[in-house]
Amino acid sequence: MSVLQLPAKYFFGKNILNNNLATFLKQIKAKKVCLLYGKGSIKKNGVYDKVYHECKKAKITCVEFSGIEPNPRNLTIDKAIAFVKQTKVDVIIAAGGGSVIDASKVIAALATNPQYKDCWSYIQDPSKLTKPPLKIISIITLAATGSENNGGSVITNAQTQIKTSVGNNDCIPIGCFEDPTYTTTAPWYQICSGIFDIFSHLLEQYFDEKSLFAWTKQYIFANLKTLLAQTKILVKDHKNYDALANILWTSSWALNSLANFNNGQQTGWLCHRMEHAISGKWDVAHGMGLALVTPIFLKYMTSKNKRYRDLTLDLAKEVFEVNTLPLFFKKLIEFINDLSAPKKLTDFDLIKSVNKDDIKWLFNHYLTVYHPKKDSADYKNVKAILNLLPW
């Protein structure tokens, strides 16, 4: 049996916040909201003023908490939890990319569950939740994770640099506002990072360990084709509205249960696990880290695993319109190059140098978070692939 529920109500298009946000806040009987955001880009693209305007229109008090990092940190989230409790809000409006949305879910859960002493204790054991979280509304300003319609959050421990995920489907936002024009103000590097994050989430579900449900397989192909075609347009014209709109909509449908519908939801896709170690240690953009890891991972897996080889050939034919693995990898690298992604670890601005001890640290991060058995295939594969990373 497969069960599908998409809790978020989507509002999509130009000027979508106008009147719709105020109306939605009234419908959910919001009394006091907290506007949660990052470094302040929402003050440049108009989201900040629009949220306050809509709250005033709905006669709802709005307070704000800023400073959520691109790879959100536990200490910042702890401060946000304390603020939300102190101000006694009942709704969080999370405005930003996936990091802000991820953070909002943890904040919403812990604002109503004081039995947890801090963010990290919840991440280590989310089973102790007893009360429902605060309601969340998301306003997406970067096409990337699709975090607005799933229960997952990825958080970094500021003290240990461990980066890991926690899931709670009760924390899925109930409403999502997507105006493609808001994504134009993000730096081009971040837009490209988001595009590869979308690409990776679709592949993650494509390489499911069960046989792919035929509908799901074609659904993934359609989303990948759309993403690649619209990226080509956006590379030539960074402000192209139709391309931005299609990429933004693809991001929302790449990770909301449809791309793994009726599959095993068990994946051998290890790229996110390896990249979380990289961005946990060096704080690089997640999508760009994935762009470095993915071709190395796929080359290794297709050389060792017939199932991966067969699925990759199907992907090559259906999405990239080529018939061999060498041509597939040529097309994949061209796509990555169009996004101006780093080709080695030290190409990242934040990584000044790398040595063998750093690679060992990345592997130890994987061991610490996932506890694989030493004789398991994943253990051996991750160790081999991390040692193939170009410095």
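The values are calculated or read from the model by the stated rules, or taken from the named source; none is laboratory data. Computed from a predicted structure; not experimentally measured. Virtual Cβ from ideal backbone geometry, glycine too; neighbours counted across all protein chains shown. Side chains included, ligands, DNA and RNA excluded: accessible areas come from the protein's heavy atoms. Shrake-Rupley method; radii C 1.70, N 1.55, O 1.52, S 1.80 Å.
Using a 1.4 angstrom probe, figure out how much accessible area the chain has per residue, in square angstrom, rounded to the nearest whole. Please list the in-between numbers first.
Details: 17090 Å² over 391 residues.
Solvent-accessible surface per residue comes out at 44 Å².
When you work out D = kT/(6 pi eta Rh) for the range 96-192 at 37 °C and 0.692 mPa s, using the Kirkwood radius from C-alpha pairs as Rh and the Stokes-Einstein form, the result is 232 µm²/s. Ordering Gln159, Asn223, Ser41 by the projection of their Cα atoms onto the charge dipole of the chain, which places +1 on the Cβ of Lys and Arg and -1 on the Cβ of Asp and Glu, puts Gln159 at the extreme positive end. Across the chain, the relative contact order, built from alpha-carbon pairs under 8 Å that are at least six residues apart, equals 15 percent.
Rounded to two decimals, the Cα-based Rg/Rh of the chain, with Kirkwood Rh, is 0.95. Put simply, the amide H of Leu35, placed in the peptide plane, has neighbours under 5 Å in Val63, Glu64, Phe65, Ile93, leaving out anything fewer than 5 places away on its chain. Residues with beta-carbon under 12 Å from that of Gln124, excluding Gln124: net charge, scoring Lys, Arg +1 and Asp, Glu -1? Cβ neighbours under 12 Å give a net charge of 0. When both the range 197-218 and the range 338-385 are represented by their alpha-carbon centers, they are found 23 Å apart. Against the longest alpha carbon principal axis of the chain, how many degrees, from 0 to 90 and to the nearest 10, is the axis of helix 241-253 turned? Once rounded, the angle reads 90 degrees. Between 0 and 90 degrees, the angle of helix 74-87 with respect to the longest Cα principal axis of the chain falls at about 20 degrees.
Across the range 219-225, rounded Karplus estimates of 3J(HN,Hα) from the backbone phi angles (6.51 cos²θ - 1.76 cosθ + 1.60, θ = phi - 60°) give 4, 5, 4, 4, 5, 5, 4 Hz, Gly and Pro being marked x. Based on alpha carbons, the Rg and Dmax found for the range 314-391 are 16.1, 41 Å.
Entry for the range 230-295 at q = 0.13 Å⁻¹: log10 I(q)/I(0) = -0.55, Debye formula applied to identical alpha-carbon scatterers, no solvent contribution. Using Cβ point charges alone (K and R +1, D and E -1), the dipole size of the chain about the Cα centre works out to roughly 520 debye. Expressed as a whole percent, the accessible area of the range 58-216 that falls on carbon and sulfur atoms is 54 (1.4 Å probe).
Computed over every Cα-Cα pair of the range 223-354 and binned at 5 Å starting from 0, the pair-distance distribution P(r) comes out as 2, 9, 15, 19, 22, 19, 10, 3, 0 percent. So if I take the centroid of the Cα atoms in the range 110-130 and the same for the range 5-57, what is the distance between those two points in Å? One Cα centre to the other: 27 Å.
Cα-Cα over 25 Å: which of Lys39/Lys135; Lys50/Lys232; Lys330/Lys380; Lys217/Lys373; Lys232/Lys330? Over 25 Å Cα-Cα: Lys50/Lys232; Lys330/Lys380; Lys217/Lys373. Here the range 157-308 was treated as a single set of alpha-carbon atoms; its pair distances binned every 5 Å from 0 give 2, 9, 15, 19, 21, 19, 11, 5, 1 percent.
With coordinates expressed along the principal axes, the C-alpha atoms belonging to the range 15-140 extend over 40, 29, 21 Å, beginning with the largest. Here the Gaussian network model covers the chain, with springs between Cα atoms less than 10 Å apart; of His272, His238, His365, His238 fluctuates the most.
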